[in-house]
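Asker: Handing you a structure now.
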Amino acid sequence: LWCEKAMNLIAQSFRTAVHEGGDLGARSNMMMAATFAGMGFGNSGVHIPHANAYPIAGMVKDYRPAGYPQDEPMVPHGQSVSLTAPEAFRFSFDSAPDRHLRAAELMDPRADKANDQREQLPAVLISLMRDIGIPNGIGGVGYSEADVPDLVPGTMKQQRLLATCPKTPTEDDIAAILTRSVENW
């Protein structure tokens, strides 16, 4: 329930909050969405995208995001989580199709339903990511396929997060998710 409320608010306000930072209503909605998401995560947990975020942020080489101090490389948490989310949800789709489709519907009620069902949530996320300026996959923050073998162990250490995924990923699954996330579009 809390996650649904968060997704509704995100659908209504995220783009506006990013592009029109002075819009107090949109920013307030995003603050409330973050609160609801935190409540939902506290009850249900998070999984692969958050587990991948640890090594992505922790092993960053040269990426310096706009709007952040430029004295050292970093990948902000929201970016690091989002970079592999489309592929992670392709992976987990078969385990809970209705949940994935519901999330896509909440995030963008106008999204094209003619797509392959497995692609509905990734397409909605990619559209949002593009609209708000998230880098194009892990390649957008400086990683390549050659880095995947180094990223996988960092993800696999996050068993507390991976255990909440409705489909248990193996090291090979994580490697495939990271590899397919070098570019998201």
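The values are calculated or read from the model by the stated rules, or taken from the named source; none is laboratory data. Predicted model, so just to flag it, every value in this text is computed and none were measured. Because the Cβ atoms are built from the backbone with ideal geometry, glycine has one as well, and the counts that use them run over all protein chains shown. In case anyone asks, the SASA skips ligands and DNA or RNA and just uses the protein heavy atoms, side chains included. Shrake-Rupley method; radii C 1.70, N 1.55, O 1.52, S 1.80 Å.
Asker: Among the residues of the stretch 164-184, write down those that are farther than 12 Å from I48 by Cα and surrounded by fewer than 12 Cβ atoms within 10 Å (Cβ to Cβ).
Answerer: D172, E183
Asker: Determine if the stretch 87-98 includes at least one residue that is outside any loop (DSSP other than H, G, I, E, B) and open to solvent by 70 Å² or more (accessible area, probe 1.4 Å).
Answerer: yes
Asker: Looking at P69, is it surrounded by fewer than 20 Cβ atoms within 10 Å (Cβ to Cβ) and in contact (Cβ under 8 Å) with a residue 12 or more places away in the chain?
Answerer: It is false that P69 is surrounded by fewer than 20 Cβ atoms within 10 Å (Cβ to Cβ) and in contact (Cβ under 8 Å) with a residue 12 or more places away in the chain.
Asker: For the stretch 72-83, enumerate the residues that are of a type outside the set (S, T, N, Q) and either open to solvent by 30 Å² or more (accessible area, probe 1.4 Å) or not in a loop (DSSP other than H, G, I, E, B) (or both).
Answerer: Passing the criteria: E72, P73, M74, H77, G78, V81.
Asker: Considering only the stretch 21-40, I want to know if a residue exists there that is part of a loop (DSSP other than H, G, I, E, B), closer than 24 Å to T155 by Cβ and modelled with pLDDT under 95.
Answerer: Taking every residue of the stretch 21-40 in turn, none turns out to be part of a loop (DSSP other than H, G, I, E, B), closer than 24 Å to T155 by Cβ and modelled with pLDDT under 95.
Asker: Tell me yes or no: at least one residue of the stretch 5-16 is in contact (Cβ under 8 Å) with a residue 24 or more places away in the chain, over 18 Å from P122 (Cβ atoms) and either out of contact with any helix residue (DSSP H, G or I) (no Cβ under 8 Å at 6 or more places or on another chain) or open to solvent by less than 50 Å² (accessible area, probe 1.4 Å) (or both).
Answerer: yes
Asker: If you don't mind, there's one more thing I want to ask. So which residues in the stretch 30-65 are of a type in the set (A, V, I, L, M) and in contact (Cβ under 8 Å) with a residue 40 or more places away in the chain?
Answerer: V46, I48, A51, I56, M59, V60
Asker: Right, something else. Could you list, in sequence order, all residues of the stretch 37-70 that are closer than 28 Å to I174 by Cα and hydrophobic (A, V, I, L, M, F, W, C)?
Answerer: Hits for the stretch 37-70 are A37, M39, F41, V46, I48, A51, A53, I56, A57, M59, V60.
Asker: Residues of the stretch 31-60 being in contact with a Leu (Cβ under 7 Å, 6 or more places away or on another chain), over 16 Å from Q79 (Cβ atoms) and open to solvent by 40 Å² or more (accessible area, probe 1.4 Å), which ones?
Answerer: Correct list: M32 only.
Asker: If I ask for residues that are under 19 Å from the mean Cα position of the chain (by Cα), part of a helix (DSSP H, G or I) and surrounded by 18 or more Cβ atoms within 10 Å (Cβ to Cβ), which ones from the stretch 142-157 would you list?
Answerer: V148, L151, V152, G154, T155, listed by residue number.
Asker: Another one. Which one of these does V124 not meet: (1) aliphatic (A, V, I, L, M); (2) open to solvent by less than 20 Å² (accessible area, probe 1.4 Å); (3) touching a residue at least 60 places away in the same chain (Cβ under 8 Å)?
Answerer: Exception for V124: condition (3).
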